[in-house]
Amino acid sequence: MTIKAYNMNKGFYYLAPVMLILALGLLVLPGRKNLHESRPQQLLAEVNDQTRFLTTDQVARAIINKDPYFVFVDVRKPADFQQFSLEGAINIPLADILNPGSQAELERGDRRLVFFCNGDILSEQAWLLLRRKGMKNIFVMKGGLNHWFSTIINPPKPGSTASAAEHSQYQTRMAASQFFTGAGTVPAAVSAPETAAKKEVKLQSVPKKNSAEGGC
Amino acid sequence: MNKKIVYGGILAAVIFLIVMYIAREKSPAYTLTMEESLKDVLNPANIVSLAELEKIKADKADVRHVLVDIRTPYDFVKAHLDKAVNIPYNSMLTEENIDIFKRLKKDKIDVILYGNDQSQANAPCVLLRQMGYLNVRILAGGYTAYSTPADSLGNRPADNEELARINYALEMKKSLPQNATATIQAEKPKQKVVPVVVKKKSAEGGC
């Protein structure tokens, strides 16, 4: 019995320095700051992948279809936002993007955040910072509002050698342009076939009016 | 049994320490904190205007500035700014290229990144600055803006890509339905005119 007790004590003598070494090891750990931040190389690879971009066509479709999973964040100054912005967009100026209030707004719900500005740069700065922070599901509208106007609001007419796909895209964009500039209703080209049938009904009603006036 | 526990404990501790040593941060990835980074990207001094570039180029003996072309070697070979060095953006942060930036920083050389446009060079510039290479700046507008000559009025392409190219609010007003010549509008005047004509005729005829 005494021999056993002797062994037990020896065991603790070995364990004590082990505990000490472990404790020292834990001191080394905090040297690794901010474990959750993405490394620069990883960020640069993602930037080069270009997976963060949404086209203006995709954005137009999401707004017209009132897609609840998208939130469009205007990162310009409030004065610019007041003058014009995308329908339903929220304004979080780049300078305020790390404020607790902004963070709360951005992290609310399981939504896809799409940053935009006039060009590409401010929105990319927002994306880079938040991606470094570890935020997922964040995107950038490629080309910004300048591109929005030159593709959606004023889409370029397809040339004589354009493909069928380009013509179809032009039709969709014209419809989207009408939607955004005040028509308010969903034109046939963008939505489901039911509205195409509605449009045909309208055309039939016009001749009726003409015949009534002719008769009097 | 006790001995096994003790040896097992020592072994676990040693393995733990080895893993921690291997996984430790070789060098801090970012030098600037998030808040400092935000302030940095908002600082207009980090953008080199075309005018400043002209001044730098005018000084032939200048050795304190280096132009770094971040485009692909293919684009670089086709045409690049005078005396520029090519470090393609997709291998910007490899060990060899980081060493180049480390050396440039040590020698206190001013590095100016440029791409086809400013947004192409933006991410590499921002990331390098966040990693502590504060001697790195970006050329406003990029190669396209630089190489496009001024037109007959002396205008150069805008080197500020963040400017709104048109007045958005005005453009939206222009496109409103009342200003458009859609067929729906053309029908309304017809409806207004026809009933009036009919009424007048009956009054003259009947009365």
Q | Ascending count of other beta-carbon atoms within 10 Å, so fewest first, for B:L42, A:L15 | A | B:L42, A:L15
Q: For A:D96 paired with B:I22, estimate the spin-label separation in nm (one decimal), with each label point 7 Å from Cα along the Cα-to-Cβ line.
A: 4.8
Q | Listed residue pairs exceeding 19 Å between alpha carbons, taken from A:K77/B:K39; A:K142/B:K78; A:K136/B:K39; B:K39/B:K108; A:K77/B:K173 | A | A:K142/B:K78; A:K136/B:K39; B:K39/B:K108; A:K77/B:K173
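Estimate the FRET efficiency between B:K106 and A:A162 by the formula 1/(1 + (r/R0)^6), using the beta-carbon distance for r and 60 Å for R0, to the nearest 0.05.
For R0 = 60 Å, the calculated efficiency reads 0.65.
Quick note: the coordinates plus some simple rules give every number you see, no bench work behind them. Given the structure is predicted, the values throughout are model-derived calculations rather than measurements. Every residue, glycine as well, gets a Cβ built from its backbone with ideal geometry; the counts of neighbours run over all protein chains shown.
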